[in-house]
Structures are given as structure tokens and as C-alpha cells.
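Participant: Supplied in C-alpha cells, the structure appears directly below.
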Amino acid sequence: MTVDKTAIQLPLEICRFGMVGAIVTLIDVSLIFVLVEYAKFPVITAAVISYLPAILTSFALNSRFTFKTKQINSATALPKFIAISLSGYVLNIFILYVLHRLVGI
């Protein structure tokens, strides 16, 4: 009996993707906390500032660790990754704004 490599690889990629997501979330939340609590930035401003380090970490870890990409053309792949991530981030900032400013959370 042979084992299909994709049957093993996909669950591993999902686990690695989750681990990267947890690391990136920790970076993002930690930066927001430091910027708000110590540097006294407004929450929305801190969230916008924390985006770049978080997204660059996500790109680096997902390309090298999650999907084990050997050669990647960062000149084309990174701008695409940022553009796609930015669309989700705009929604995230909007939700944060609504929860923080309008709901008071």
C-alpha cells in the first residue's frame, strides 16, 4: 500500500498555516498594544502601523515555512500578496472602527 504524498502534505500545510497565523496575530496584537499603551497612539492608527510588519512576516513565513517555496519572485509575489491582504485588512480596520468608536468596545 502506498501513501499519497498530498494526503499527508495538505494537513501539514494547514497546521503550518495556522501556526503562522498565530505568530502573525501575536506580532500584530503586540505591536498594537505597545503603540496604544506606551506610545499613546490612537487604536486605529496603531492597527494601521502594525499592519506592515505583520504582513511582511506572514509573507516570509508562509512562502518559506508553510508552502516551502524554493524560489519566489518577491518583486511580483509580494505586491500581489500585499494587495490581496490589504483588501481584507481594510475590512478589518472598518470593523475595528465600528466596534471601537461606535459600539465602545
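Participant: Report, by residue number, each residue of region 73-97 that is surrounded by 15 or more Cβ atoms within 10 Å (Cβ to Cβ) and either in contact with a strand residue (DSSP E or B) (Cβ under 7 Å, 6 or more places away or on another chain) or outside any helix (DSSP H, G or I) (or both).
Facilitator: none
Participant: Then there is this: From the list 20, 36, pick out the single residue that is within 24 Å of residue 105 (Cα to Cα) and among the β-branched types (Val, Ile, Thr).
Facilitator: On inspection, the qualifying residue turns out to be 36.
Participant: Right, another one. Please go through region 74-105 and give me each residue that is touching a residue at least 12 places away in the same chain (Cβ under 8 Å), under 21 Å from residue 43 (Cβ atoms) and of a type in the set (Val, Ile, Thr), ordered by number.
Facilitator: Scanning region 74-105 gives a single hit, 93.
Participant: Can you say whether residue 63 is among the polar types (S, T, N, Q), surrounded by 14 or more Cβ atoms within 10 Å (Cβ to Cβ) and assigned to a helix (DSSP H, G or I), as far as the supplied structure shows?
Facilitator: yes
Participant: Given the conditions (1) over 18 Å from the mean Cα position of the chain (by Cα); (2) surrounded by 11 or more Cβ atoms within 10 Å (Cβ to Cβ); (3) more than 23 Å from residue 86 (Cβ to Cβ), which single one is not true for residue 36?
Facilitator: For residue 36, the exception is condition (3).
Participant: Report yes if residue 105 is within 17 Å of the chain's Cα centre (by Cα) and over 28 Å from residue 6 (Cβ atoms), otherwise no.
Facilitator: no
Yes or no, residue by residue, for (1) closer than 17 Å to residue 21 by Cβ; (2) modelled with pLDDT under 85; (3) touching a Cys at 6+ places or on another chain (Cβ under 9 Å):
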residue: 63; (1), (2), (3): yes, no, no
residue: 67; (1), (2), (3): yes, yes, no
residue: 70; (1), (2), (3): no, yes, no
residue: 77; (1), (2), (3): no, no, no
residue: 80; (1), (2), (3): no, no, no
residue: 98; (1), (2), (3): no, no, no
residue: 101; (1), (2), (3): no, yes, no
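Participant: Considering only region 1-59, state which residues are of a type in the set (D, E, K, R) and assigned to a helix (DSSP H, G or I). Break it down into steps so the answer makes sense when it comes.
Facilitator: At the first step, the residues of region 1-59 found to be of a type in the set (D, E, K, R) are 4-5, 13, 16, 28, 37, 40.
Of everything in region 1-59, those that are of a type in the set (D, E, K, R) and assigned to a helix (DSSP H, G or I) turn out to be 5, 13, 16, 28, 37.
The values are calculated or read from the model by the stated rules, or taken from the named source; none is laboratory data. This is a predicted model, so every value here is computed, not measured. Cβ: placed from backbone, ideal geometry, glycine included. Neighbour counts: every protein chain shown.
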